[in-house]
1. How many residues are open to solvent by 50 Å² or more (accessible area, probe 1.4 Å), of a type in the set (G, A, S) and touching a Cys at 6+ places or on another chain (Cβ under 9 Å) when one looks only at segment 1-47?
2. Of the conditions (1) out of contact with any helix residue (DSSP H, G or I) (no Cβ under 9 Å at 6 or more places or on another chain); (2) open to solvent by 60 Å² or more (accessible area, probe 1.4 Å); (3) not small (G, A, S), E110 clears all except one; give me its number.
3. Could you count how many residues in segment 131-188 are closer than 27 Å to Q109 by Cβ and among the small types (G, A, S)?
4. Any idea which of (1) in a strand (DSSP E or B); (2) within 13 Å of the ligand (Cβ to nearest atom); (3) of a type in the set (S, T, Y) is the one T166 doesn't satisfy?
5. What residue, of E185, E156, E145, is more than 11 Å from the ligand (Cβ to nearest atom), of a type in the set (D, E, K, R) and free of Cβ contacts under 8 Å to residues at least 40 places away in the same chain?
6. Which members of segment 122-134 meet the condition of being surrounded by 20 or more Cβ atoms within 10 Å (Cβ to Cβ) and more than 11 Å from the ligand (Cβ to nearest atom)?
Amino acid sequence: MNPLDLLLQRRSHPSRQLLDPGPDADQLRALVEAALRVPDHGKLEPFRILGVRRDAGRVLGERLAAITARREPGADAATLDKDRSRFDRAPLCLIVVAKLVEGLKIPTQEQLLSAGCVAHNLLLGAQALGFGAQWITGWPAFDREAATLFGLDDDEHAIAFIHIGTRDGDTPDRARPSFDAKYSEWQA
Ligand SMILES: Cc1cc2nc3c(=O)[nH]c(=O)nc-3n(C[C@H](O)[C@H](O)[C@H](O)COP(=O)(O)O)c2cc1C
C-alpha cells in the first residue's frame, strides 16, 4: 500500500447522494478529535464544529427559505426548495466555524487557514472511515442572519458545511493538477 493512498484517493462525493447511515456516536467523536489536530499558529484554536443532523437540518432549511422568501418576495419554488434542502441532504452536516479575531499577533488569514485545515481533515477522516463527504458553502456561509441562525458570535464565520454519509455508488474522479503544472523550484 502506498502511504499516500488516502490523499491520492481523496475525492468528494455529491452531497445529494449521501445516504444513511452517517457516522455513529463513536465514529463522530473519533472523526472530530482527529480533525482538530491542525497546525495552529499561536495555539488560538480559532475553530469549532457544529453538528447538524438531518432532522435539525430540515428546521434550519425552513428558516433559511424563510429568509430568502422575505428578502426576495418573487423567489420561485425551486429557489426556496434549494434552501430547504441545504442541510438535510445527508445524514450529518458538520459546520466548521472559524473565529477570526483582528488585532492579534497572528493575522486573521492564518486563523482562517487553521480552520480550513479542520474542514479538510473532516473530508479526509470521513473518507478514511469509509464514508463519502463534500464541502459545500453557498450564501448561508456569508450571511450574518444565517450566522445568527447557526448561533454564531459576531467574530465567527461558517466556513464549511461538510456533508457526510454513506456513498450511493462510486464517484468518478476528475482530472487533477499535475506535478509538472504546479511544481517549480526557486532559483537564485
Ligand atoms: C471553500 C469551498 C467551498 C465549496 N463550495 C461548494 C459549493 O457550495 N457547492 C459545490 O458544489 N461545491 C463546492 N465546493 C467544491 C466541492 O467541495 C468539491 O471540491 C468539488 O465537488 C470537486 O470535488 P473534489 O473535492 O473531488 O475535487 C467547495 C469547495 C471549497 C474548498
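1. Here the count works out to 0.
2. Every condition holds for E110 apart from (1).
3. So in segment 131-188, the residues closer than 27 Å to Q109 by Cβ come out as 133-163, 176-177, 179, 181-186.
Subset that is among the small types (G, A, S): 133, 138, 141, 146-147, 151, 158, 160, 181, 184.
Residues meeting the conditions: 10.
4. Of everything listed in (1) in a strand (DSSP E or B); (2) within 13 Å of the ligand (Cβ to nearest atom); (3) of a type in the set (S, T, Y), T166 misses just condition (2).
5. Values: E156 fails: free of Cβ contacts under 8 Å to residues at least 40 places away in the same chain; E145 fails: free of Cβ contacts under 8 Å to residues at least 40 places away in the same chain.
Criteria check complete, one pass: E185.
6. Scanning segment 122-134 gives L122, G125, A126, F131.
The values are calculated or read from the model by the stated rules, or taken from the named source; none is laboratory data. No experiment lies behind these values; they were computed from the predicted model shown. Virtual Cβ from ideal backbone geometry, glycine too; neighbours counted across all protein chains shown. For accessibility, only protein heavy atoms count, side chains too; no ligands or nucleic acids. Shrake-Rupley method; radii C 1.70, N 1.55, O 1.52, S 1.80 Å.
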